[in-house]
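The values are calculated or read from the model by the stated rules, or taken from the named source; none is laboratory data. Bear in mind the structure is a predicted one, so any value in this text is a computation, not a measurement. FYI the Cβ positions are ideal-geometry reconstructions off the backbone, even for glycines, and counts take in every protein chain you see. With ligands, DNA and RNA removed, areas are computed over all heavy atoms of the protein, side chains included. Shrake-Rupley method; radii C 1.70, N 1.55, O 1.52, S 1.80 Å.
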Amino acid sequence: MRRAVFSLSLAYVILFTWAWIDTLNASMDAAGRGMALGFMTIGLAITALFVIPALIMALNNKALKWAIGLALAPAALLLFAMMSGVV
């Protein structure tokens with residue numbers, strides 16, 4: 001279960017790194033790039049609010065079910081936002 005938390009955390013790091021590089025290399029004006037980076041910063045902050053406590057729990061080997069739930073929460077929030085038409 002610890003590996004799942006670490007794997008999800010690594011997946012989030014890879015996803016945000018890919019999005020950052022893709023945003024910097026995209027052919028858009030400065031306002032569009034700034035807006036994209038702003039939304040990405042908000043998403044990164046929300047993800048960090050869930051993933052950092054999950055990593056702490058996984059490192060201490062405490063409440064691993066809660067840690068997996070916290071690590072899956074950003075993906076679930078994104079999925080629900082996409083289903084509701086917000087994103």
Filter region 9-49 for residues that are open to solvent by less than 90 Å² (accessible area, probe 1.4 Å) and among the hydroxyl-bearing types (S, T, Y); the one that is farthest from P74 (Cα to Cα) is T23
Contact list, first residue from region 61-87 and closer than 17 Å to M1 by Cβ, second anywhere and open to solvent by 100 Å² or more (accessible area, probe 1.4 Å) and in a loop (DSSP other than H, G, I, E, B), beta-carbon distance below 8 Å, six or more apart or interchain, is L64/M1; K65/M1; A67/M1; I68/M1
Evaluate the following for A63: is it under 27 Å from I21 (Cβ atoms) and either of a type in the set (A, V, I, L, M) or open to solvent by 40 Å² or more (accessible area, probe 1.4 Å) (or both)?
no
Would you check if F16 is among the aromatic types (F, W, Y), within 14 Å of the chain's Cα centre (by Cα) and at pLDDT 95 or above?
no
Exercise for the section: Inspect all residues belonging to region 49-59 and state whether any of them is on the phi > 0 side of the Ramachandran plot and touching a residue at least 40 places away in the same chain (Cβ under 8 Å). Expected result: no
